[in-house]
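Down below is the structure, laid out as structure tokens.
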Amino acid sequence: KRMQYYKLQMGCMMILLYIAFLYWKERGKYHKKHKLRIFDYLLVVGIISVLFDGITAHTVNHPDVVAPMVNMICHMFFLLSLDTLIFLLFLYMRAITEGIPKPKKYGMLLYIPYILNVLVVVVFMPQLKYHEGEISNYSMGISAYTCFIMAGFYLVLTLILFFRRWKYIEGHKRRSVFTYLLVLLGITMYQMIYPQSLLSSIGITIIVLG
């Protein structure tokens, strides 16, 4: 019965681990000594995010056996991993269209929302509230709201960047990325409206697949 809260996360984790296995297996054949690329970080953070999504789905629904501090720390790591994933998605899109922004002047401005968000999430974590829902318990508070706002902000920037560089992206990659971005945007909006749906893992998996 307790597994009902994180069956979705377990399924998404299996998909991500399978993708990671195939990806690094192929990379190992052609790049014996290679630098880590943005997608490498994206994949690792995605796996970590799904892991903590599953952990928090359990902790938030079992407050009688999980210490409040443990619950809070798990939620903090989940929110930070989610924000980092969305930020990496933006950097990845930037890298395949215009190159990675350098951390100075204009480029630094793109990092500021992410840095500020990390600070807000950490500072306001003690104020995070946990609510009972019909489907599942869920968390809400300034840290969660900030996470959603930042995710929306970078998703919009990613879409703008995508359309600006539309003609420079390969045809098949263009259709694939556009489809996954629209689905991801839809899932993000649905999660914001219905927080107890706990669909974050699907969004994370879509980011990696896209």
query = Which of the residues that make up the range 165-175 are out of contact with any Phe, Trp or Tyr (no Cβ under 9 Å at 6 or more places or on another chain) and open to solvent by less than 50 Å² (accessible area, probe 1.4 Å)?
reply = 171
request  = Please list, ordered by first then second residue, the pairs with beta carbon atoms under 6 Å, 6 or more apart or interchain, first in the range 37-51 and without any contact (Cβ under 8 Å) to a residue 40 or more places away in the chain and more than 15 Å from residue 79 (Cβ to Cβ), second open to solvent by 10 Å² or more (accessible area, probe 1.4 Å) and not in a helix (DSSP H, G or I).
outcome  = none
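Listed here are the residues, each with its yes/no results for (1) assigned to a helix (DSSP H, G or I); (2) more than 11 Å from the chain's Cα centre (by Cα); (3) among the charged types (D, E, K, R); (4) crowded, with 19+ Cβ neighbours inside 10 Å.
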residue: 40; (1), (2), (3), (4): yes, yes, yes, no
residue: 45; (1), (2), (3), (4): yes, no, no, yes
residue: 50; (1), (2), (3), (4): yes, no, no, yes
residue: 53; (1), (2), (3), (4): yes, no, yes, yes
residue: 57; (1), (2), (3), (4): yes, yes, no, yes
residue: 61; (1), (2), (3), (4): no, yes, no, yes
residue: 64; (1), (2), (3), (4): no, yes, yes, no
residue: 82; (1), (2), (3), (4): yes, no, no, yes
residue: 87; (1), (2), (3), (4): yes, no, no, yes
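If I ask for residues that are hydrophobic (A, V, I, L, M, F, W, C), without any contact (Cβ under 8 Å) to a residue 24 or more places away in the chain and part of a helix (DSSP H, G or I), which ones from the range 115-145 would you list? Steps first, answer last, please.
As a first pass, look at the range 115-145 and keep what is hydrophobic (A, V, I, L, M, F, W, C): 115-116, 118-125, 128, 135, 140, 142, 144.
Subset that is without any contact (Cβ under 8 Å) to a residue 24 or more places away in the chain: 115-116, 119, 123-124, 142.
Within the range 115-145, 115, 116, 119, 123, 142 qualify.
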ask   = Of these, 148, 178, 162, 153, which one is in contact (Cβ under 8 Å) with a residue 60 or more places away in the chain and either within 26 Å of residue 111 (Cβ to Cβ) or surrounded by fewer than 16 Cβ atoms within 10 Å (Cβ to Cβ) (or both)?
value = 162
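The values are calculated or read from the model by the stated rules, or taken from the named source; none is laboratory data. Treat the numbers as computed from the prediction; the structure is a model and nothing was measured. Here the Cβ is made from the backbone with ideal geometry for all residues, glycine too, and neighbour counts use every protein chain on show. Surface accessibility is based on the protein's heavy atoms, side chains included, excluding ligands, DNA and RNA. Shrake-Rupley method; radii C 1.70, N 1.55, O 1.52, S 1.80 Å.
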